[in-house]
Amino acid sequence: MKKVLVADDKATGRELVRTVLENSGYQVFEASDGEEAVAEAGRIRPDLIILDIHMPGLDGFEVIEKLRREKNFTGTPIIALTASAMMGDRERAMEAGFTGYITKPIRLGALRAEVERLLT
């Protein structure tokens, strides 16, 4: 079973993603801030990470910078999850090392499709 780490400071956001992914057959782990996301990623070595951009402490860009410096995470797919959908935001995320980009409010079909694309 593929492991997915969902990092979002909003519990309702994590719960929605967890429900969708568990119903699709993934094992889901959660983190409520950036520092917890880095620690959990090191502990569980997920197959994919879904990372909210705007979190307290370390934001998503700081988390991906830390993870991409570690050899265990250079090839791990990491999806940016954000309410920021302004011109250039997607490009900035991809340049920072994200592998995918999903905007909030989350479209469930888009979430499933992006996770499936990156894990198959």
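For this structure, a couple of remarks:
- Of 86, 55, the sequence from fewest to most neighbouring Cβ atoms within 10 angstrom is 86, 55.
- Qualifying lysines (Cα of each under 24 Å from Cα of residue 10; at least 8 residues distant if same chain): 2, 66, 104
- Bins of 10 Å from zero: percent of alpha-carbon pairs in the chain: 14, 54, 31, 1
- Mean separation of Cα contacts under 8 Å (6+ apart) over length of the chain, as relative contact order %: 23
- Neighbour-count order for 52, 89, fewest beta carbons within 10 angstrom listed first: 89, 52
- For the chain, the 222 nm mean residue ellipticity estimated from helices alone, with every DSSP H stretch of n ≥ 4 adding -39500 (n - 2.57) and the total spread over all residues, rounds to -13000 deg cm²/dmol.
- Cross-link partners for residue 3 among the aspartates and glutamates, with Cα-Cα distance under 14 Å and sequence neighbours closer than 8 places in the same chain left out: 22, 30, 40, 47, 116.
Read-outs throughout are calculated quantities, based only on the coordinates presented, and are distinct from any laboratory measurement. Remember, predicted model here, so these are calculated numbers, not experimental data. Note that each Cβ is placed from the backbone with ideal geometry, even for glycine, and that neighbours are counted across all protein chains shown.
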